[in-house]
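Down below is the structure, laid out as structure tokens.
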Amino acid sequence: MRYLPTISRQDVMTFSVFVVVSFIFWIVQSGYEKNDVTREVTLSIENMPSGAVFTTRVPNTIRVTLYDSNVRLIGNGASSRFRRLTVDFNRYADVAGNFRISGAELTSLLKNELPSSTQITAMSPSLIDARYALTEGKKVPVRLRADLMTRGNFRDFAPVIEPDSVLVHAPNSILDTLTCIYTEPVRRFDLRDTLQVRLGMDLGLGVKATPDSVLLTVPVVEYVGKVLRGVPVQVEGMPAGCRMVLFPRRVDVHCLVNMAHYNNINASDVRVTVSYDSLRIDPDRPFLPLQVQSILPECELYNLKPSVQQVEYSIEKR
């Protein structure tokens, strides 16, 4: 019979310490190895006049490749200072409508946010070269671009845009033909509650809007079925000296009502009528059609249907 060697607790602890020390040594060695990494830096332009718009594209971000030890590169990635580069518009703009930051200047601005040991080995774009224009501006209405749909017994009502107009700055050749600004498209196909969302605007190159976003509110209401019992039928246009007797004199009205106001809506909120004038066209007709309408706003109840579509009548002279 063969016996396995016995491993003591001290052997296990010695091996564990060796593994931990080796791991720490590897981490330290890896941290001081040099490497390349690419970061995206947001470009922010401050102190831009309210009436100034860029007529050529200015990048939103700059891709910068850095070379340094892994420890430094990790620190650069975590630093909030290097995530955004802010430049002064007035420093790089001239009166001729040029906005230019040379490659050397751009590199210098970025290096100001980095440790001295970190090198910039690549940059895209390599410089900023754009054109701008100064305009007086024009106030134009905002138009919604939306595709909205509700489900079941939910209904949506007229959308509200706040503000409903914005001040637009653009070259005069654009302003002269501009009649409105459209929002970014919004699509919702299963609305079950009031929609409220902030939308940007679909602006072309060289166009700036103030404010640059609007608040869209789309009211959505849930409806439930209700029967309004015993609504009296009224006669319209009856000549003096005559009386019209109806059969039946009262009808039920089936409708969909705003769920939030279900208990407050009753038979007095609808009006059921027949018109004597319909007999002028066809005096021998045996029935009169019913007309039903709500005296409340449509958002409270709709889809009104009487329990019968027409009633019998007789005319009595007084």
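In this structure, Arg151 and Val308 have a Cβ-Cβ separation that, at R0 = 30 Å, corresponds to a calculated FRET efficiency of about 0.45. Sorted ascending by nearby beta carbons within 10 Å, beginning with the fewest, Glu316, Glu298 become Glu316, Glu298.
By the beta-carbon count within 10 Å of each Cβ, the least crowded to most crowded order of Arg243, Arg39, fewest first, is Arg243, Arg39.
Each Lys and Arg contributes +1 and each Asp and Glu -1, all at the Cβ; summed about the Cα centre of region 66-209, the dipole is approximately 300 debye. Local charge for Leu228 was computed over the other residues whose Cβ lies under 12 Å away, with Lys and Arg +1 and Asp and Glu -1, and equals +3. Site pair Thr121 and Leu296 shows an inter-label distance of 7.2 nm when each label is modelled 7 Å from Cα along Cα→Cβ.
Treating r as the C-beta distance of Asp129 and Val224 and R0 as 51 Å, the FRET efficiency rounds to 0.20. Taking a ≥ b ≥ c as the square roots of the eigenvalues of the alpha-carbon gyration tensor, region 208-248 is classed oblate because a/c is 1.5 or more while a/b is no larger than b/c. Straight-line reach from Lys226: taking Cα to Cα under 17 Å and skipping same-chain neighbours fewer than 8 places apart, the lysines in range are Lys305.
Each residue of region 100-110 was assigned a 3J(HN,Hα) from its phi angle through the Karplus curve 6.51 cos²θ - 1.76 cosθ + 1.60 (θ = phi - 60°); the sequence is 9, 10, 5, x, 5, 5, 5, 4, 5, 5, 6 Hz, with glycine and proline shown as x. The fewest-to-most ranking of Lys317, Lys208, Lys138 by surrounding Cβ atoms within 10 Å reads Lys317, Lys138, Lys208. A simple count of charges around Phe54, restricted to other residues whose Cβ falls under 13 Å of its Cβ and scoring Lys, Arg +1 and Asp, Glu -1, yields +3.
Readers should treat all values here as calculations from the given coordinates under stated rules, not as data from a laboratory. Quantities reported herein were computed from a predicted structural model and do not represent experimental measurements. So basically every Cβ, Gly included, is an ideal-geometry build from the backbone, and we count neighbours across all protein chains shown.
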